[in-house]
Each structure stands twice: as structure tokens, then as C-alpha cells.
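See below for the structure under consideration.
The values are calculated or read from the model by the stated rules, or taken from the named source; none is laboratory data. All of these numbers come straight from a predicted model, not from anything done at the bench. Methodologically, a virtual Cβ is constructed for each residue, glycine included, from the backbone with ideal geometry; neighbour enumeration extends over all protein chains shown.
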């Protein structure tokens, strides 16, 4: 059985970050940041689709179709709110029992940070990356994967997954 795509991307990020022992090339470091971001992006999308559609093999094609509906901007906007720990007034009134845990705030905040750093890696060539900075970013994705396992069944985490797809519709409710 093949490794999940997000794991392959994370392994690629680790490889690229360590490719040149001395004086790593900016291209390697920048691609490592991008791969780390996309590892988290695809991980969260996969989790959301499994949450919404189901996990059976028969639903795999449906999950793949749904995966295409996610938007980087929508995911970032939802993640910004969840990383702050508060839901919009309309949602928090309706869902008064849902509490955004510190672990969920960290996962969401990691997504925001990695997306910002991926933009920097791809578009701001005047801002170089250090190997230690890239290694720290990769580690934050690894930590987010581990944290997610401890919170993925929480109602707030399930709401977060739905929000990653439909934040624009949910935030005003």
C-alpha cells in the first residue's frame, strides 16, 4: 500500500531541507517550505473529506471529487478564526457548547503560518530562508499531524473541517 500523499509531501520537504549539508540552495529550502505547506493542506483536505463523505473505499472517488472544492483562501480565513479561539457571534450562539481547544488553535495557526511562508517562498525572492527556519516550519507540520490525532473527534475539530470548505457561508450565520 502506498503512503498517503501528505506523508510523501512531508518526506519530500525533509529531503529537500537536508539535501545540501553546507550552504543549502535557496531553491531547495523554498521548495521544502512549499512541500511542507502542501503536506498540511492535503492532510486537512483529506481529513475533511473523510469527515464529510466517509472513509470507505467505495467513497474514495467521491472524496476525490470533493477535494477539488477546497480553496486556499477559504481555508486560511477559517484557520485564522479558529487559531484565534473564538467563533463568530452567530456560530458561537448557535453552537454554544463548542470550545476551540489550544491544540486546534495550534493546528489552525500552523496552517496560516505555513501558507504565509509558502507565499514568501514562492514570491519573495528578496527574503532568504535559513536551513534552521525551514526545519522549524517542517517540524511544525509534523507537530500539527500529531496534535490532530488527539483532537480529530472533537466537535470543534469537526466544525473546523467543515469550515475549511464552507467558511464564507458559515461565518455570517
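Quick look at the numbers
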| quantity | calculated |
| --- | --- |
| Yes/no for residue 50 being over 16 Å from residue 171 (Cα atoms), touching a helix residue (DSSP H, G or I) at 6+ places or on another chain (Cβ under 9 Å) and modelled with pLDDT under 90 | no |
| Candidates 17, 89, 27, filtered to the one that is modelled with pLDDT of 95 or more, farther than 18 Å from residue 141 by Cβ and over 17 Å from the mean Cα position of the chain (by Cα) | 27 |
| Whichever residue in the range 142-156 is assigned to a helix (DSSP H, G or I) and modelled with pLDDT under 95 and, among such residues, is farthest from the chain's Cα centre (by Cα) | 155 |
| Residue in the range 51-65 that is nearest to the chain's Cα centre (by Cα), counting only those that are crowded, with 16+ Cβ neighbours inside 10 Å and without any contact (Cβ under 8 Å) to a residue 40 or more places away in the chain | 63 |
| Top-ranked residue in the range 92-105 [being surrounded by fewer than 16 Cβ atoms within 10 Å (Cβ to Cβ) and part of a helix (DSSP H, G or I); ranked as modelled with the highest pLDDT] | 102 |
| Candidates 62, 114 - the one that is touching a helix residue (DSSP H, G or I) at 6+ places or on another chain (Cβ under 6 Å) and modelled with pLDDT of 95 or more | 114 |
| Options 117, 146, 133: the member that is under 30 Å from residue 23 (Cβ atoms) and surrounded by fewer than 19 Cβ atoms within 10 Å (Cβ to Cβ) | 133 |
| Among the residues listed as 80, 25, 76, the single one being out of contact with any helix residue (DSSP H, G or I) (no Cβ under 8 Å at 6 or more places or on another chain) and either within 22 Å of residue 127 (Cβ to Cβ) or in contact (Cβ under 8 Å) with a residue 12 or more places away in the chain (or both) | 25 |
| Condition check for residue 139: within 17 Å of residue 35 (Cα to Cα), more than 12 Å from the chain's Cα centre (by Cα) and touching a residue at least 12 places away in the same chain (Cβ under 8 Å) | no |
